[in-house]
Structure formats: structure tokens, C-alpha cells
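Below: one structure, written as C-alpha cells.
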Amino acid sequence: MNKDQPEKSTTELNTDHKPEVSKVNNQRQRNKKLAFVLFALALIPIIFTVNNFYKLNAKKEEEQAVKEAPTFKVKSRDFAEPQEPSPEILSTETQPSVPAVFSSEENTETHPTPPKLIKSKSKLMIERSSVTSSGESNTLPETEQIENGQVISDKQLTHSDGDIFQSTAYSARKAQKSPYNANLLLKKGTFIQCSLRTKVVSTIAGNIGCIVAHDVYSANGNVLLIERGSEIFGEFRSGQLKQSEDRIFVIWSEIRTPKNVVINIDSGATDELGGTGIQGWTDTHFWQRFGGAILLSLIDDTAGYLAYRQDRRSGYDYTESSREATQQMAQTAVENMINIPPTLYKNHGDLVGVFVARDIDFSSVYKLRRK
């Protein structure tokens, strides 16, 4: 009995899988039929386009054959006697010859001679001369030199009427001592590094802020003037970027320290290495500028092709006015799209800098005491 039981179970398992196999086969047959139907549907427009193409070529060949067919003309024969040509009457009168008259003014005009090259000079020299009506030449006392394609006189080279070896004189400048205390002076050219508090998007003008990353000391390095963590505020304008540019100009207006000290700095922003302006990732809006233009050109070409087909059938183009209006609309849209300026993005937390543009005195805020 125990041996018969597993045999029954195996037969039961085999009978259970038969309907599943038949379902899979049916599904495969359905998929094949569906693929055949889809292939037939995809083949119909291809056959239609190929047929139209051959028809158009056949029509063009017929028209060309009709144009190139030789035409025979039968000349009409006339048996009338040809008339003798009448002799031409030659006029015996001769026209009087007009003598050439030359004005004396043309002979008396003076033409300047081209400049002469003096090769014996150290540089390329030009000597100009003028010819009078009597044939005598008067040379000018001033000579000229050609340097880098420009004519320069001796007076311009020497800056005076004296020696040609006289050099240009520069006026001296007098040094002066700064009136400010170096212990309380934030000198011009100080670089302050800070990190942005907010993200920068150059599409619309707005304000910008950053936090000072390091302590800033006085001109002699003895006194701490601006603590780390101080806030810097500024602003930028929109529409600064042009094509192929990736920087915007930012003006830092003031600094606020944790000790409630407000400093009017009015200086420009830099990148993390001190380059002028803030550099970031730039979106050129390529597809917004040119994608619409490409789409409009495709629509215009399609409309022109359909109008050509209609014109060949009926002999009259009913879509001429609508196509002209469409072309004008497309031209206006392209002009508006192609003038989209690029947009600069700068993430918060990125390092930027401040280049101090003037000396700032802290003597009205801080006082030094001896310990």
C-alpha cells in the first residue's frame, strides 16, 4: 500500500500541470498572431509611401519626356519670285570733324610725387617733395618714419625739437604717512573669506548674505577687528550675464559683528581665490532658445509640402495667406526665444570672498588700553 501511494501522487501532479502547459502554448500563439497583425499594420503605410513615391517619379519622368520630345515644323514653300534688293543711297555729305580741345587748366595742375625712400637712414625714412608748375621740386625739411604701419614724424618721436635720444620724463610722487592708527585700521586690499547663507539665482535681482569664515585682524595684525561668524550683506542685479559668461558682479554693503558693530564696507565680491565676481553653474537655456525654432521650422516645412501637393492637384494654393501668417508668428516667436539670457546658480555654503576697496578706521568704535 505504501508503494502505491507515491505513484498516485505523481500522476496527480502530472495531470495538474497539463492545463498550465496548454495555457502557455495558447498565449504564445496569441502573441505570434498579435505580432503578425502589428507587422502588417506597420507595413501598410510603408507600402503606401513607396507607391506614392514611384507615382511621383513616373509623373515627373513623363513630364520631362514631353518637354524633351523634338518638335518638327514644316516650312511653307512660296514660289513667288524674290525681289531684288534696292541699292543703298550713300550720302556724299561728310560730317565735319570736331577738333579735340584741351584746356590749359589740365596742363597746369600739379600732381604730388610719391614719397621717396631714403635707405641710408637707420630706420625707414620717407622724404616728401612737391612739384610746382615750373618743374622745380621743393623738399620739406621734416622727415617721417614708418613704425608698425604708421607714419611718425621726428617731433612725435622726440616729443620736442631737440635731441632724438631724449627720453620721456615722468613726474615724481611724494609719499605720505597714513593718518590712521595701524592697530585700528582695516587696510585697503584685505581679503575676507565667507560662505554663502542662501542660494543665488541670477534671474531676478535680490539680496545676498554670507558668514565670515575666519577672524580678520588690523593692518599690523595685533587687534581683532572682525570676528569669525560676522554677517556680510550685499545685493546683485539681474540681466548681468551674457552668452559665454559665468560670473555676476555683487556689491557687499555692510558687515555686522557679534558685538553689534556695523561696518559700511561697499566693496565687490570675489570667488574663493580672489577673482572678480561670483562664479557658478550657468544654464544657457539651449533647448528653450533653439528647440522652439526647430519645431516651428518643421511645422512650416510640413505646411509648405502639403501646399505643394494641393497646388499640383487643383492648380491653386488655398493656404498661402495662412502660411504667411504662420511664418510671421514663427519669426516673432524665434526672436523672443533666442534673446533669453543665461542663468547663474550658486549653492548656499559655497565659499566666496570680499575684497576691501578702501581703508576703514575703527578708532570711533574700539579703544586700546594697556594691560
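Every number here is computed from the coordinates shown, using simple stated rules; none is lab data. Quick caveat, the model's predicted, so the values are computed rather than measured. Neighbour counts run over all protein chains shown; Cβ positions are idealised from the backbone, glycine included.
Provide the FRET efficiency to the nearest 0.05 for the Arg369-Arg197 pair, computing r from the beta carbons and using R0 = 35 Å.
FRET efficiency, Arg369 to Arg197: 0.50.
Report the residues of segment 322-344 in range of a label on Ser238: point 7 Å along Cα→C-beta, backbone N strictly under 11 Å from it.
No residue passes the distance filter.
Taking the Cβ-Cβ separation of Thr332 and Asn207 as r and a Förster radius of 45 Å, what is the calculated FRET efficiency to the nearest 0.05? Intermediate values should be presented prior to the final figure.
Details: r = 36 Å, r/R0 = 0.79.
The calculated FRET efficiency here is 0.80.
Could you calculate the contour length gain from Glu227 to Asn181, that is, 0.36 nm times the residue separation minus the distance between their Cα atoms, to one decimal place in nm?
Extending this stretch completely gives an extra 14.6 nm.
Which whole-Hz couplings ³J(HN,Hα) result when phi for each residue of segment 45-51 is put into the Karplus expression 6.51 cos²θ - 1.76 cosθ + 1.60, θ = phi - 60°, listed in order with x for Gly and Pro?
For segment 45-51, the Karplus curve yields x, 5, 4, 5, 5, 5, 4 Hz.
Would you mind computing, in nm to one decimal, how far apart the modelled labels at Asp350 and Glu245 are, each placed 7 Å from Cα along Cα→Cβ?
Label-label distance for Asp350 and Glu245, simple model: 1.6 nm.
If I model a spin label as a point 7 Å beyond the Cα along the Cα-Cβ vector, how far apart are those points for Val261 and Leu295 in nm?
Here the answer is 5.8 nm between the modelled labels.
Around Leu225, which amide H atoms from residues at least 5 apart in sequence, or from another chain, sit under 5 Å from its own amide H, with H modelled in the peptide plane?
Result for Leu225 returns Val216, Tyr217, Ser218.
Please sort 186-195, 215-224 by packing, taking for each peptide the average over its residues of neighbouring beta carbons within 10 angstrom, highest first.
Descending mean neighbour count gives 186-195, 215-224.
Please give the peptides 42-54, 350-362, 167-179 ranked by average Cβ packing (other Cβ atoms within 10 Å per residue), highest first, as a rough proxy for protection. Provide the component values of the computation, followed by the final result.
On the way: 42-54: 9.7, 350-362: 18.0, 167-179: 6.2.
The densest-packed peptide leads the list: 350-362, 42-54, 167-179.
Considering only Cα-Cα distances, which of the following residue pairs are longer than 29 Å: Lys199/Lys242; Lys33/Lys60; Lys174/Lys371; Lys32/Lys59?
Details: Lys199/Lys242 20 Å; Lys33/Lys60 41 Å; Lys174/Lys371 38 Å; Lys32/Lys59 41 Å.
Correct reply: Lys33/Lys60; Lys174/Lys371; Lys32/Lys59.
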